[in-house]
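Colleague: Just passing along the structure, written as structure tokens.
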Amino acid sequence: MRTSTKLVITIVVIAVLISIFMLSSWHTPTQQPITTYTATITSTPTTVPLSGMINGAGASFLNPQMQAWASRFYEITGGRIQINYQSIGSGAGQAKFKEGILDFAGSDPPLKSDIYNEFKGKGGIIQFPVIIGTIVVVHNIPNVESGKLRLTGEVVAKIYMGEIVYWDDPAIKVLNPELNLPHEKVIAVHRSDGSGTTRVFTAYLSKVSETWRSKVGSDFTVAWPVDEIGNGVGAKGNEGVSAAVQQNPYSIGYIETAYAYSAGLKIALLRNADGNYVLPTKEAVASAAKALVKVLPRAYEDWSHIFPDETVDPPGRESYPLTSFSFVILRQVYEDPVKNAILKEFFEWVLTEGQKPENIVEGYEPLPPEVAVIGLDGLKLLRTG
Amino acid sequence: MSSEKIFSIFLIAFASISLLIVTGIVISLIVNSYPIFLMDSLSFIFKSVWNPVKEDYGILPALLGTLITSAIAISISTPLAISLAVFSTEILPMRFREFINNISDLMASLPSVIYGLWGLYVLAPILYQYVMIPLHQYLGFIPLFSTKPIPTNLFTAGVLLAIMIVPFASSVIREAYSAVPYYLKEAAYSLGMTKWEVIKTMLGYIKSAIFAGIFLALGRAMGETMAVAMVVGNTFTLPKSLFDMGYTISSLIANQFPNAEAYNHMIPALYGGAFILFIVGLTMNLAGLYWIKKVMSKG
């Protein structure tokens, strides 16, 4: 055979092999986890430490913190346990968890009630907060400094409804008598991609404004009334919102706190349920979390009616209204005892050692012990099927 | 078996694989999108609503946004692409040609997120300051420029797309231009034509390649996701002027797909959008082909 023919044949063989490989890996997700789960019991004479790998995915908000926990845990277990987490969005995380592809899901809102009920017949689930995040309302009014503009939930709702159009609207002026607010249109920036941040933010607007609740509601994406009058801007991701607020003078936006700090955006004070104007300081977040402890369900219960619709804008003199949790969702029953034990070990660590300042990524706040205990109690329910 | 035979068998095999893939894509578009058409019938195309809370979806603003941004992109990029192709093959000294062509090809291969970032942070503010504000101030009475602009809108997206697709169109035109038989050019010069007249004749000769280049570029413009999503404004409203913010079907899919699984009807709705985009693209290509045929038969 001539060399050219040989070459062609070699290329073809390689191509066929690649396509077979791709086809087979394309088939796997429906039947088994994306990455096959390898659990080997390493034999050390005295104790028998578990080793293996678990796969989770979901909320992008949780991602930086989860990666930090995963790599820290990998270190302290001497590489025994590997946690994979992929940032695919809360909605996709829940859907994949439902399909049984994931060992655990990360999500900004807790499990939707229909998925929760579906799992009830299959041994149930547990879901618990692992970290606190906050959302800030930011603005770009050139002559107003950060931490000076005072806003209430009602006013923010009216801005996003398109009912308050100018910054010198009486409703804003009355909150800020000392500020010289310009007669400029408020450009309302919002997320264009589906996002847990939007879910929490719109839950807040629904809680403080009856009009918002009945006309718009709360979800990963909503139909923003302010877009109708041409004063809304949609931007993709926290980075996009940050850029849109910076580029549009006289704009307002909502964004995860860490991004607001890193981009140097101006943060507005929000009036809390007790009538005080607050920023997301450590104390304000701790106060909010404490106030919530009373209303939070147990890990095995359905949280979908409580969080975030009931938990935003908690009472308390110092409480910050846009305080939110990120959740981890587990099944109660795992057939594999090793996987079961690893999940327990890892999340127990996350809820105790993982909450110490040295393991918390900047921009997140640790859970107070009263909230962490929800997860620790829940983990006791894990069992092998 | 002779090597000739083996070779032709492989050719057939690979050709049919690519045909199968295309058919597969069309089938999966239809299968995944029919629930939305079943639910909303054709009103899915003519409604202007994207409300996941109520699970109500209609694609019209995104469809219009796609058509508007692509139209802006094509009308800006066509003259640029032709000029660049002629300039680099006809006017430019030989030793710079390779350099310019390489740069142009490099531009075509840049990831679109880079264009998006550049568009958002560099292009949008410049267009806003020096193009949109003056246009709105002095020509605001024309409906096209009637909206008071903000930096990210359909116009910015259209201009960014134009910049992105110039290298595509230009490289097709350039290849065709340099493939014109040399004797044709010699004949033209020997008739006493000026350089401009020669170029005109040459361009007439490669008309079909010019159309092909433009349609290739149009396809890319309609399908662009990331870069557009970053500069188009992403508001789901019917655009009234070029300076309105809007959406395109591709950027809608890029924005909404990650969390679409949280809803019952959003995935069919997004597939429905993709299917309509496919139909629009197909129609345009067929119309283009028909037109080229007509032009060519006239000579």
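Colleague: Using just the helices of chain B, give the 222 nm mean residue ellipticity in deg cm²/dmol: DSSP H runs with n ≥ 4 each add -39,500 (n - 2.57), and the total is spread over all residues, rounded to 500.
Modeller: Details: 14 runs with 216 residues, N = 299.
That calculation yields -24000 deg cm²/dmol at 222 nm.
Colleague: Here's a follow-up. At 222 nm, what helix-only mean residue ellipticity would chain A give, in deg cm²/dmol to the nearest 500, using -39500 (n - 2.57) for each DSSP H run of four or more? Write down the numbers at each step before the final one.
Modeller: Values: 14 runs with 153 residues, N = 385.
That comes out to -12000 deg cm²/dmol.
Colleague: Hey, which aspartates and glutamates would be in cross-link range of B:Lys185, C-alpha to C-alpha under 15 Å, not counting anything within fewer than 8 residues on its own chain?
Modeller: Straight-line reach from B:Lys185, under 15 Å: B:Glu90, B:Glu197.
Colleague: For the range B:60-171, what Kirkwood radius comes out of the mean inverse Cα-Cα distance, in Å? List each step's numbers first, then the result.
Modeller: Values: mean 1/r = 0.0649 Å⁻¹.
After inverting the pairwise mean of 1/r, the radius is 15.4 Å.
Colleague: Fewest first, what order do B:Leu20, A:Leu270, B:Leu135 take by the number of other Cβ atoms within 10 Å? Mind showing how you got there, number by number?
Modeller: On the way: B:Leu20 10, A:Leu270 26, B:Leu135 18.
Least crowded to most crowded, the residues run B:Leu20, B:Leu135, A:Leu270.
Colleague: Next question. Ordered by residue, what ³J(HN,Hα) values in Hz, to whole numbers, does the range A:186-198 give under the Karplus form 6.51 cos²θ - 1.76 cosθ + 1.60, where θ = phi - 60° and Gly and Pro are x?
Modeller: Karplus-based 3J(HN,Hα) across the range A:186-198 equals 7, 9, 9, 8, 9, 5, 9, 8, x, 8, x, 4, 5 Hz.
Colleague: Under a straight-distance cross-link criterion of Cα-Cα below 17 Å, which aspartates and glutamates are reachable from A:Lys185, leaving out those fewer than 8 residues away in the same chain?
Modeller: Cross-link targets: A:Glu163, A:Asp168, A:Asp169, A:Asp227, A:Glu228, B:Asp244.
Colleague: Right, something else. May I ask for the net charge around A:Thr198, where only other residues with Cβ less than 14 Å from the Cβ of A:Thr198 are counted and Lys, Arg are +1 while Asp, Glu are -1? Intermediate results must be reported in sequence, preceding the final value.
Modeller: On the way: positive: A:Arg191, A:Arg199, A:Lys236; negative: A:Asp108, A:Asp193, A:Asp219, A:Asp227, A:Glu256, A:Asp309.
Local net charge: -3.
Colleague: With the dipole of the protein assembly as shown worked out from charges on the C-beta (+1 for Lys and Arg, -1 for Asp and Glu) around the Cα centre, which of B:Ile21, A:Gly196, A:Val328 lies farthest toward the positive end?
Modeller: Projecting each Cα onto the dipole axis, the largest value belongs to B:Ile21.
Colleague: Computed from the mean reciprocal separation of all distinct C-alpha pairs, what Kirkwood hydrodynamic radius does the range B:3-298 have, in Å? Provide the component values of the computation, followed by the final result.
Modeller: Details: mean 1/r = 0.0467 Å⁻¹.
By the Kirkwood definition, the hydrodynamic radius is 21.4 Å.
Colleague: Working out 0.36 nm times the residue gap between B:Glu175 and B:Phe46, then minus their Cα-Cα distance, what length gain in nm do you get to one decimal? Please list the in-between numbers first.
Modeller: Numbers: separation 129, 0.36 × 129 = 46.44 nm, distance 4.12 nm.
Between B:Glu175 and B:Phe46, full extension yields an extra 42.3 nm.
Colleague: If I histogram all Cα-Cα distances within the range B:82-128 using bins 5 Å wide from 0, what percent of pairs lands in each bin?
Modeller: Values per bin, smallest distances first: 5, 19, 18, 15, 15, 16, 10, 1.
Colleague: What are the residues whose amide H is under 5 Å from the amide H of A:Arg191, where those residues sit 5 or more places off or on another chain and H is modelled from the backbone?
Modeller: Correct list: A:Ala235.
Colleague: Give, rounded to the nearest 20 debye, the magnitude of the charge dipole that the range B:3-298 has about its Cα centre when Lys and Arg contribute +1 at Cβ and Asp and Glu contribute -1 at Cβ.
Modeller: Working: 16 positive and 13 negative charges, 142 e Å.
The calculation lands at about 680 debye.
Colleague: What lysines could a cross-link reach from A:Lys120, if we take a straight Cα to Cα line under 19 Å and drop same-chain neighbours fewer than 8 places away?
Modeller: A:Lys96, A:Lys98, A:Lys112, A:Lys380
Colleague: Which semi-axes, in whole Å and largest first, does the equivalent ellipsoid of chain A have when worked out from the alpha carbon gyration tensor as the square roots of 5 times its eigenvalues? Intermediate values should be presented prior to the final figure.
Modeller: Numbers: eigenvalues 353, 150, 70 Å².
With the √(5λ) rule applied to chain A, the semi-axes are 42, 27, 19 Å.
Colleague: A further question follows. Points 7 angstrom from Cα along the Cβ direction at B:Tyr182 and A:Val165: gap in nanometres?
Modeller: 6.9
Colleague: Local charge sum around A:Asn180 (other residues, Cβ-Cβ under 13 Å, Lys/Arg +1, Asp/Glu -1)? All intermediate terms of the calculation are to be shown ahead of the outcome.
Modeller: Values: positive: A:Lys148, A:Lys173; negative: A:Glu145, A:Asp168, A:Glu178, A:Glu184.
Its environment carries a net charge of -2.
Colleague: Towards the positive end of the charge dipole of the range B:3-298, with charges on Cβ (+1 Lys, Arg; -1 Asp, Glu), say which of B:Pro181, B:Val53, B:Gln129 has the farthest Cα.
Modeller: The listed residue farthest towards the positive side: B:Pro181.
Colleague: Can you list residues whose amide H is under 5 Å from A:Thr323's amide H, if they're 5+ apart or on another chain and H is modeled 1.01 Å from N?
Modeller: Residues meeting the amide H criterion: A:Asp313.
Colleague: So how do A:Trp167, B:Trp196 line up by other beta-carbon neighbours within 10 Å, fewest first? Mind showing how you got there, number by number?
Modeller: Details: A:Trp167 22, B:Trp196 8.
Ascending Cβ contact count within 10 Å gives the list B:Trp196, A:Trp167.
Colleague: Right, next: Roughly how crowded by other chains is peptide A:82-89, in terms of the mean Cβ count from those chains within 10 Å of each of its Cβ atoms? Display every interim value, and only then the final one.
Modeller: Values: counts 0, 0, 0, 0, 0, 1, 3, 6.
Per residue, the average neighbour count from other chains is 1.
Colleague: What order do you get for A:Lys380, B:Lys47 when you list them from fewest to most C-beta neighbours inside 10 Å? Provide the component values of the computation, followed by the final result.
Modeller: Details: A:Lys380 11, B:Lys47 15.
Going from sparsest to densest Cβ surroundings: A:Lys380, B:Lys47.
Colleague: For A:Glu358 and A:Thr211, FRET efficiency with R0 = 45 Å and r from the beta-carbon atoms, rounded to 0.05?
Modeller: So, using R0 = 45 Å, E works out to roughly 0.50.
Colleague: Something else now. Once the other residues with Cβ under 14 Å from the Cβ of A:Leu296 are scored (Lys, Arg +1; Asp, Glu -1), what is the net sum? Could you put the intermediate results ahead of the total?
Modeller: Details: positive: A:Lys290, A:Lys294, A:Arg298; negative: A:Glu301, A:Asp302, A:Asp309, A:Glu310, A:Glu370, A:Asp377.
The answer is -3.
Colleague: Need one value for B:149-162: mean number of C-beta atoms belonging to other chains within 10 Å of its residues' C-beta atoms.
Modeller: Details: counts 0, 11, 5, 8, 2, 0, 0, 0, 0, 0, 0, 0, 0, 0.
The shielding value for this peptide is 2.
Colleague: Determine how many Å³ per residue the convex hull of the Cα atoms of the protein assembly as shown encloses. Before the final figure, lay out the partial values.
Modeller: Working: hull volume 154.6 nm³, N = 684.
Here the figure is 226 Å³ per residue.
Colleague: Quick one: among A:Gly89, A:Gly121, A:Gly264, which has the greatest mean-square fluctuation in a GNM of chain A with alpha-carbon springs under 10 angstrom?
Modeller: A:Gly121
Colleague: Rounding to the nearest 20 debye, state how big the charge dipole of chain A is about its Cα centre with +1 on each Lys and Arg Cβ and -1 on each Asp and Glu Cβ.
Modeller: Details: 33 positive and 38 negative charges, 182 e Å.
The calculated dipole for chain A is roughly 880 debye.
Colleague: Another question, if that's okay. Which one, A:Thr221, A:Gly56, A:Ala68, projects farthest toward the positive side of the charge dipole computed for chain A from Cβ point charges (K/R +1, D/E -1)?
Modeller: A:Gly56
Colleague: If the elastic network links every pair of Cα atoms under 10 Å, which of B:Met107, B:Met202, B:Met193 fluctuates the most in the Gaussian network model of chain B?
Modeller: Maximum fluctuation in the GNM of chain B, among the listed residues, is at B:Met193.
Colleague: Could you give the size of the charge dipole of the protein assembly as shown about its Cα centre, using +1 on the Cβ of each K and R and -1 on the Cβ of each D and E, expressed in debye and rounded to the nearest 20?
Modeller: Working: 49 positive and 51 negative charges, 354 e Å.
Here the protein assembly as shown has a charge dipole of around 1700 debye.
Colleague: Right, something else. Mind telling me which of B:Ala85, B:Ala229, B:Ala254 comes out most flexible in a GNM of chain B, alpha-carbon contacts under 10 Å?
Modeller: Of B:Ala85, B:Ala229, B:Ala254, the most mobile in the Gaussian network model is B:Ala254.
Colleague: Shifting gears a bit: So in the protein assembly as shown, what percent of DSSP beta bridges are antiparallel if you round to the nearest 5? If you can, show how the numbers build up before the last one.
Modeller: Working: 28 of 49 bridges.
Bridges in the protein assembly as shown that DSSP calls antiparallel: roughly 55 percent.
Colleague: Mind listing the Cα extents of the range B:153-240 along all three principal axes, in Å, largest one first?
Modeller: For the range B:153-240, the Cα spread along each principal axis is 58, 22, 16 Å.
Every number in this text was worked out from the coordinates using simple rules, so none of it is lab data. Quick caveat: nothing in here was measured; it's all calculated off a predicted structure. Note that we place each Cβ from the backbone using ideal geometry, even for glycine, and neighbour counts take in every protein chain shown.
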